[in-house]
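A short write-up of the structure that comes next.
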Amino acid sequence: MRIYAKISSMNEIKRDIFLKKLMNSRHNNMIKVVTGLRRSGKSYLLFNIFVNALKGEGIDDSHIIQVNLEDRHNKHLRNPDELMAYIDARLCDEKMHYILLDEVQFVAEFEDVLNSYLHVPNADVYVTGSNAKFLSKDVITEFRGRGYEIHIHPLSFKEFYSACSNKDKDSCLLEYMTYGGLPKVVTETSDEAKREYLKKLFHHTYLVDIKERYAIKKDTDLEELVNVLSSSIGGLTNPRKLADTFHSVKKSTISQETIKNYLDFLSDAFLIEKSVRYDIKGKKYIDTPSKYYFEDLGIRNALINFRQIEQTHLMENLIYNELRLRGYEVDVGQVTLNGKTKEGISERKTLEVDFVCNKGYERLYIQSALSLPTAEKQAQEMRPLLSIKDSFKKVVVVGGLQPTYMTDDGVLVQNLFDFLLENDE
């Protein structure tokens, strides 16, 4: 089955990964909550792609109850009792009914409304909500263990590339790494329009959401923190180091605790994700320092006015996002080696593995390398992987024209386009 997300009259983009999650979650006796970065296509996924899939399986319109609570025409349904009466009146028989509610936070006491339908055997409930009032942790706390989160991401490069008409892969990748994968960006025809949209989206939507949710009166330090993170993707950091930067460079008195809170707020709003360090040999986590990656590269670049478009760090962030989209938990790996110098003095070296990726019992290790121009550079990238003495797959993802091949040591050297476009596993 193929269902398409319409982006323009000319191009349609498949979002099969998220459609599959929705279809597989049906009738699981839980409230399905679609979360994700604002403007990443949550409503379209639920009310167009998912609805079309239900109809494709023969579900009649009368058994799909859709309410857009942001629409002024439905203002009366923001009253919880009015909404329940409206839904109850449309439960026309004992067959399964699919209840889809957009921007459910507009309903007073919406938790009670949604929990009430957990006890209705022919009701299957799906909702979206604003990030200003409705986040992942709300799903956990408000629905008493009966909320099932389906987190969607901006367009992957594979999805983005499917809408790139009359452009080669290199041009599309450059555009994607510059302007990101928010669906609205794909429809804009000029670079200027893309830049303005991304800048306004951060300042007038994302930042306002965070300020509203956490009642932040002074947002100068919060905005500056995002700028600092934007300039240092791929670098290890923690609240103490960030506070030191603010004190010495920004002449700010912001505390470590406030920075920690701001990092949590940005993560809750799906703007950034934290990747913690994992000691591969010691099989233990090291909580600090950590790395922070941006959910959308276009937002990241807009925050620094599209300067510092360094391919190495952007490629690392791109690979991280792709792995998360495919369902992996992604950590930053480290391998500690004990040895001796030429003088016979004992020494310890810590090597970094860009990504330790886990999904169930599956694990793989990935290095990101923009290029491998020399044998020395290849040995540098391979050394951390070859120092891991287990049988899990080891991969170096390489940009440019580097072909995909397997080394004699069993390391897969994979071209970036092969990783993004051809391999879903």
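Structural remarks
- Counted charge near G234, where neighbours are those whose Cβ lies closer than 10 Å (Asp, Glu -1; Lys, Arg +1): -2
- Extended-chain gain in nm, criterion 0.36 nm per residue less alpha-carbon gap, H204 and N358: 51.8 nm
- Anisotropy class of segment 235-275 from Cα gyration tensor, a/c 1.5 cut: prolate
- Calculated [222 nm] ellipticity per residue, helices only, for the chain: -9500 deg cm²/dmol; basis is -39500 (n - 2.57) per DSSP H run with n ≥ 4, divided by all residues, nearest 500.
- For segment 286-425, the fraction of C-alpha pairs more than 23 angstrom apart is 39%.
- The charge dipole of segment 148-275, taken about its Cα centre with unit charges on the Cβ atoms of Lys, Arg (+1), Asp and Glu (-1) only, comes to about 280 debye.
- Here the chain is treated with +1 on each Lys and Arg Cβ and -1 on each Asp and Glu Cβ, and its dipole about the Cα centre works out to around 920 debye.
- Cα-based shape type of segment 107-264, given that a ≥ b ≥ c are square roots of the gyration tensor eigenvalues and the cut on a/c is 1.5: oblate
- Values of log10 I(q)/I(0), in the order q = 0.09, 0.12, 0.13 Å⁻¹, for the chain under a Debye, Cα-only, solvent-free model: -0.64, -1.09, -1.25
- Computed from the Cα positions only, the extents of segment 33-156 along the three principal axes stand at 37, 33, 31 Å, in decreasing order.
- Once the Cα atoms are used to define both axes, helix 311-325 deviates from the longest principal axis of the chain by about 40 degrees.
- Helix 220-230 and the longest principal axis of the Cα set of the chain meet at an angle near 60°.
- Cysteines in the chain lacking any other cysteine Cβ under 4.7 Å from their own Cβ: C92, C357.
- Enclosed volume per residue, in Å³, of the convex hull spanned by Cα atoms of segment 208-260: 87 Å³
- The charge dipole of segment 301-425, taken about its Cα centre with unit charges on the Cβ atoms of Lys, Arg (+1), Asp and Glu (-1) only, comes to about 380 debye.
- Within the chain, percent of DSSP bridges classed antiparallel, to nearest 5: 50 percent
- Share of carbon and sulfur in the accessible heavy-atom surface of the chain [1.4 Å probe, %]: 48 percent
- Across q = 0.11, 0.25 Å⁻¹, segment 217-308 modelled as identical point scatterers on its alpha-carbon atoms has Debye log10 I(q)/I(0) values of -0.32, -1.41, in the order of the q list.
- Label-to-label distance, nm, for residues given as R26 and E329 (7 Å Cα→Cβ offset): 3.0 nm
- Charge tally in the Cβ shell below 15 Å around E196, where Lys, Arg are +1 and Asp, Glu are -1, E196 excluded: +3
- Label zone at T253 (point 7 Å along Cα-to-Cβ), backbone N below 20 Å, segment 213-230: 216-225
- Where the chain is the region considered: accessible area per residue in Å², 1.4 Å probe: 48 Å²
- Extreme residue, positive dipole direction of the chain, given options T336, G58, V413 (C-beta unit charges): T336
- Burial ranking of peptide ranges 401-408, 80-87, 43-50, 388-395 (average Cβ count within 10 Å, highest at the top): 43-50, 80-87, 388-395, 401-408
- Separation of the D244 and N52 label points, Cα + 7 Å toward Cβ, nm: 5.3 nm
- Candidate lysines - alpha carbon under 24 Å from K169, same-chain residues fewer than 8 apart omitted: K6, K14, K158, K184, K194
- Calculated on alpha-carbon atoms, Rg and Dmax of segment 367-423 in Å: 10.9, 30
- Per-residue ³J(HN,Hα) for segment 191-207, Karplus 6.51 cos²θ - 1.76 cosθ + 1.60, θ = phi - 60°, Hz, x for Gly and Pro: 4, 4, 5, 5, 4, 5, 4, 5, 5, 5, 4, 5, 6, 9, 10, 4, 5
- The loop-placed trypsin sites (Lys or Arg not before Pro) in segment 270-307, going by DSSP, that have at most 16 neighbouring Cβ atoms within 10 Å of their Cβ come out as K281, K283, R307.
The values are calculated or read from the model by the stated rules, or taken from the named source; none is laboratory data. In this text the structure is predicted, and so the values were computed from the model without any measurement. Every residue, glycine as well, gets a Cβ built from its backbone with ideal geometry; the counts of neighbours run over all protein chains shown. These area figures cover heavy atoms from the full protein model, side chains too; ligands, DNA and RNA do not enter into them. Shrake-Rupley method; radii C 1.70, N 1.55, O 1.52, S 1.80 Å.
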